[in-house]
Each structure stands twice: as C-alpha cells, then as structure tokens.
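Structure record follows, encoded as structure tokens.
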Amino acid sequence: MHNFNLALAFSEQARQHPERLALAVAGREVSYGELARQVSLLAGFLKSRKRSGRIGVLGTRSLDAYVGILAACWSGCTYVPLNLKWPAQRLIALMALLELDALVVDETGAALLTAEILAAAPRDIVVPQSLALAPERPGQAISIRSGLTSDPMLAPAQLAPDQVGYVIFTSGTTGLPKGVMISAGSLAHYLDQTRPWTDYRPEDRLCETCDVTFDLSVHNLFLCLKAGASLHVMSELEMLAPARFIRAHAVTVWMSVPTVIGLIRKTGALKPGLFPSLRLSIFCGEPLPVQAAQAWLAATPNGVLENIYGPTEATVICMRQRLTDPPVVTQGRDILAIGRPYVTMEIALLDSSQQPVAPGIAGEIALCGPQVGIGYFGQPELTADRFREINGKRWYLTGDIGYRDQAGVYHHLGRADNQVKVKGNRIELEEVDAHLRRAAGVELIATVAWPTRHGSAEGLVSFVAGSTRTPEQIREAMAASLPRSMIPRAIHMLDSLPQNVNGKIDRRALIALLEEQATGHSPGGSDHLEAATSGGRAL
Ligand code: AMP
C-alpha cells in the first residue's frame, strides 16, 4: 500500500467544497473550509513539536476534540484519545507511558487538569478554541485564536502504511486499560472495505453517538469527511432522547450500540415510521436482539439495518449482517447473526489449543488480515498472548465464542470470559440472557454469576429494566425452557441498567452493586439494590 494520510480525503473535500457543512457539534456548525483552516494551523504547531509522534486528545463531543484528532493525523502523528471519565491516577499513569509530544484539550478536559495531572502532562497543552487553562502554569496553554507561533501546514504529511494511526484504549480487565495500536494502513483497508456498503454521500447527515475514545468514532469521522457529508455529534444530554435528535436533525445514518434501541423502546416511543429520514442504521458492540432490530427497522420505512461485528484490535469491524426478512437468527438466542467477513479478512474458529474446531462446532473467533492491529502499546506480553502466529499467519484471538452455519454465516455466542461455572455446571451468561430477554419482554437485561468463590460461582443473579412482569413471572417463564442451574436465584427489577463508557450494558458495575449490597458499603450510604428492587429506583 502506498503512503497516504488519514486526513488527506478531508483536505481534498475542504479544497473542493469549503462551504459545505462538516461538523455540527456543541451548538456550532463548522464548514469544511473552516475546519481545515483550524486543523492546518494546529497541525503546523504539532509538527514543530514532533518527537515521539504521539498527540493526546483529552476531550470528546467537542470541536476541540475533532480539531485535535484531525490535526494530529494531518501533521503525520498518532492520535491518542484519553477518556474524560478516567480517574486522575489512570490519566497520570498513561501519560507517563505514552510520552506525548502535546496534549490537545477541550473545555471539559481543561477543567480536569489539576496540578498533579499537569505535572505528568506534556509541556505543550493546546486548547484550540480558548486560552483559559492552567493558572498553575501560566503561559503554557496555546490556542488557535491567539495565533500559534508556527506556520499552518498547508497539506497533510505523508504517512507510511505501518505507522501507528491511532491508539485507542479498551477497558482491560485488570490494571491499566489496553492501548490498541492501529496502523494507518489497517485503517485505510478498513475504509476501503466499508465505503462501498455504507455509500456515504455529501447530502448524508451522520449521527455521532459515541465518545472519541470508542472506535466507532473512527468509522464515523473518517468515512464522513471522506464523503463530504456532515457529522452531527450528540451531547451526553441529547443521548437521553435520541429519537428527538434524529428527527430534529433529519439524520440519514445512525450508528450506535443496540442498548439504545432498548432505551427508546422502554419509553414506548419507537413507533413504526418514526424515522423517515434514516436510510442506514448500524448497530455494533453487543448482541443485537432480533425483536429490537425489527422494531427499529419498522421505525425507518426508508432504511436498511446492519449488525456489524468486530473488536478494536482488528480496526472497528470486519463482519456484517443485514437484517433481512426472514432474519438470519443465531440458534436459540433470538439475536441477529454477525454475518460474513470482509473479503480481505480471514476468520477461524479455534479450540483451547488454537487448533481449528470441526465444522459446525463453536470455537474462539480468531481474525487474520490487513485490519489486525499492531498490538497493545507498551504491553508486549499481553500482545504476544492475544496476537499469535499460527501456521505462519498472524491472528488476533478475540475472546469471543462463535460458530459458522452451513451457509457460511457466523454467529456470536458470547465472550469466553462470560462462560462461568455455577456449582460445576458450565454456563454461558449470554444464553441465560436470551431466555431472560424473552421472559421479561424487554432488551435491557443482564445476568451475572455471583457470588464467586475459588473460580466457581454459587449462582446467577439477573437484572431487568422496564419490564411490566414480576420477578416471579420471569423466573417461571425461564424455568419452562432452562435447566435449574441456569435459572437466576434473584432477579432485580431496576429503572435502568449501568452502561460502560461506550454505552454497553456493564456487567462489572452490576457485580460491584451486588458486592456493595453484601458488604453494606453503598457509595451513597443508601441501599441501592434494595431500593431499586422494591421501589424501582434508578441505579
Ligand atoms: P470493542 O473492542 O470495545 O469494540 O468490543 C468488541 C467486542 O464487542 C467484541 O469482541 C464482541 O464481544 C462485542 N461485539 C462487537 N460487535 C458485536 C455484535 N455485533 N454482536 C455481539 N457482540 C459484539
């Protein structure tokens, strides 16, 4: 693959159509021309500071965050989004590890910069739209408005395909999160494979539902700007009423985690024909319940719906399945298949010794091809553990369990780490969830194994939000189709379920809630679960 730059297509759009709307974010509408002007100014500055070639971006859902990301790319650097919700110690540890050349922050990011964090931060901190920052170290902050002391960079730098394009951190079960390094070449392959089926056009109005620390944002930003379309970024507040946003902004392309469908359905608002403007809806990141997908499609009479699958480690996604009539359903799960792989990617299903399983048998999903990432930043052992050389090829082991049906379509059965032992019985939590969803008649559900001692759980505990059925009715319905060991011994009815930073239902937070309940250490001093179970209070 030849050299190129992730911001190149954007710069060409800006040259040809400077007046077109590029970004609508935080109450501002920014044209391609204006965005490119800000980006090239900042890029000139970042280039003048280049040493490690890594630029941190502490911000999200703001013009500053997008200017920072695009300027890092334009200047030939790697962009590293840092999560605003991380605790200070995590930010400090990661900044020490990353040796950033500069940090671009938005207003929210700037407000987080305590003296302690500033001590670990790079010397150059840029707040593109303002200068209000860091009284502790006056004179350090720089902004576009104040006029940078460097020349704008008129054209994006050339990048080698194996150069790291971005580092995105995934949660990591213990200790520090894992910084997935994706090369510019992998992203270029991803964009090439994704462009034909998404077919974004200048008149498209894409919706950004996630933070820039989630790699769905990579898809949205780069494909949108390549097409000359506009990206409409939702604030966290607007995420509480997504239907209103779609209608008010006449959004044509939607992409989010499936949990959002459950949230809208819970309010009873997801009516047929609700979203006439949507032509493409994409769901990713969690199992997609068929009923939820069908309800969404009915709401988009002029649209199609795609379920896409992939881990951050293999560049956003590499499989997809359109919702058809009848739908391609995963056996016994009432969820949509994850479909077929991109033609450039190879899929294998492996047993615990990394040997292919027999046809039709479930195994760990492994991915091979040009989208497979470089590894985890500064974590060679972890990289060696998950990125393996098998029969002369480099594979990423996803930790997902799946099977391939006779038609060659892949199905997702859950995470290997959600395979638990309950009193010696092996149980897949996602399988229990499928029955729970059916029994409760809602999508906002989750099951955890709890309590766990010496690697074996004593039982299952389920959580349900928004169901009109009682725990007894749900248990009874589940008992009709599941063995005793798979019936939750407690079902807590909540108003809402905790979501992780990417909007997925957060099982770890649910376990923490049970732990708090058991030890009596509730952060708010009140008994959350008790209240939620009986009175229906939000977590
Ligand atoms: P992330 O790296 O945060 O994007 O998370 C990737 C993980 O999300 C995958 O390894 C799967 O466990 C899960 N995932 C992604 N897409 C889907 C999907 N369409 N259906 C079920 N699980 C999915």
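Going through LEU176, LEU159 one at a time, which residue ends up being modelled with pLDDT under 95, open to solvent by 10 Å² or more (accessible area, probe 1.4 Å) and of a type outside the set (Gly, Ala, Ser)?
On the way: LEU159 fails: open to solvent by 10 Å² or more (accessible area, probe 1.4 Å).
None of the other options fit; the residue is LEU176.
Which members of the stretch 387-415 meet the condition of being exposed (fewer than 13 other Cβ atoms within 10 Å of the Cβ) and within 16 Å of the ligand (Cβ to nearest atom)?
Of everything in the stretch 387-415, nothing turns out to be exposed (fewer than 13 other Cβ atoms within 10 Å of the Cβ) and within 16 Å of the ligand (Cβ to nearest atom).
Which strands (runs of 3 or more DSSP E) sit wholly inside the stretch 263-324 and have at least 1 residues that are open to solvent by 20 Å² or more (accessible area, probe 1.4 Å)? So that I can check it myself, show each step before the final result.
Details: elements: 280-284, 304-309, 319-322.
Result: 304-309, 319-322.
Counting only residues that are in a helix (DSSP H, G or I), free of Cβ contacts under 8 Å to residues at least 40 places away in the same chain and either in contact with a helix residue (DSSP H, G or I) (Cβ under 9 Å, 6 or more places away or on another chain) or within 17 Å of PHE169 (Cβ to Cβ) (or both), how many does the stretch 382-401 have?
Initially, the stretch 382-401 is screened for residues in a helix (DSSP H, G or I), giving 382-386.
Adding the requirement that they be free of Cβ contacts under 8 Å to residues at least 40 places away in the same chain leaves 383-385.
Keeping just the survivors that are either in contact with a helix residue (DSSP H, G or I) (Cβ under 9 Å, 6 or more places away or on another chain) or within 17 Å of PHE169 (Cβ to Cβ) (or both) gives 383.
Residues in the stretch 382-401 being in a helix (DSSP H, G or I), free of Cβ contacts under 8 Å to residues at least 40 places away in the same chain and either in contact with a helix residue (DSSP H, G or I) (Cβ under 9 Å, 6 or more places away or on another chain) or within 17 Å of PHE169 (Cβ to Cβ) (or both): 1 in total.
Mind checking whether some residue in the stretch 244-254 is within 13 Å of the ligand (Cβ to nearest atom), within 30 Å of SER467 (Cα to Cα) and part of a strand (DSSP E or B)?
Within the stretch 244-254 (the criterion being within 13 Å of the ligand (Cβ to nearest atom), within 30 Å of SER467 (Cα to Cα) and part of a strand (DSSP E or B)), the answer is no, since none of the residues qualifies.
Of all residues in the stretch 216-250, how many are within 20 Å of the chain's Cα centre (by Cα) and under 17 Å from ASP192 (Cβ atoms)?
Selection size over the stretch 216-250: 8.
Could you tell me which numbered condition LEU444 fails, if it satisfies all but one of (1) within 14 Å of the ligand (Cβ to nearest atom); (2) touching a Gly at 6+ places or on another chain (Cβ under 7 Å); (3) assigned by TED's automatic domain parsing to the domain that holds GLU476?
If we test LEU444 against (1) within 14 Å of the ligand (Cβ to nearest atom); (2) touching a Gly at 6+ places or on another chain (Cβ under 7 Å); (3) assigned by TED's automatic domain parsing to the domain that holds GLU476, just (1) comes out false.
Return the residue satisfying two criteria in turn: it lies in the stretch 298-341 and is polar (S, T, N, Q) and within 13 Å of the ligand (Cβ to nearest atom), and of such residues it is nearest to MET255 (Cα to Cα). Give the derivation first.
The first filter runs over the stretch 298-341 and keeps only residues polar (S, T, N, Q), leaving 300, 302, 307, 312, 315, 321, 324, 330-331.
This time we only want the ones that are within 13 Å of the ligand (Cβ to nearest atom), so: 307, 312, 315, 321, 330.
On the way: ASN307: 10, THR312: 16, THR315: 16, GLN321: 14, THR330: 22 Å.
The extreme case among them is ASN307.
Looking at (1) touching a His at 6+ places or on another chain (Cβ under 9 Å); (2) closer than 16 Å to ASN418 by Cα, can you tell me which one VAL464 breaks?
All conditions pass for VAL464, except number (2).
So GLY185 clears everything in (1) open to solvent by less than 10 Å² (accessible area, probe 1.4 Å); (2) touching a residue at least 60 places away in the same chain (Cβ under 8 Å); (3) away from the ligand (no atom under 15 Å from the Cβ); (4) outside any helix (DSSP H, G or I) except one condition, right? Which one?
Looking at each condition in turn, GLY185 falls short on (4).
So, in the stretch 416-441, of the ones that are in a helix (DSSP H, G or I) and of a type in the set (Asp, Glu), which residue ends up farthest from the ligand (Cβ to nearest atom)? Step through it out loud before you land on a result.
In the first step, residues of the stretch 416-441 are kept if they are in a helix (DSSP H, G or I); the result is 416-418, 429-440.
Remaining after also requiring of a type in the set (Asp, Glu): 417, 430-431, 433.
Working: ASP417: 10, GLU430: 9, GLU431: 13, ASP433: 11 Å.
My answer is GLU431.
Regarding GLU208, is this residue touching a helix residue (DSSP H, G or I) at 6+ places or on another chain (Cβ under 8 Å) and without any contact (Cβ under 8 Å) to a residue 40 or more places away in the chain? Full working, then the answer.
Values: touching a helix residue (DSSP H, G or I) at 6+ places or on another chain (Cβ under 8 Å): yes; without any contact (Cβ under 8 Å) to a residue 40 or more places away in the chain: no.
Answer is no for this residue.
The values are calculated or read from the model by the stated rules, or taken from the named source; none is laboratory data. All of these numbers come straight from a predicted model, not from anything done at the bench. Because the Cβ atoms are built from the backbone with ideal geometry, glycine has one as well, and the counts that use them run over all protein chains shown. Accessible surface areas use protein heavy atoms only, side chains included; no ligands, DNA or RNA. Shrake-Rupley method; radii C 1.70, N 1.55, O 1.52, S 1.80 Å.
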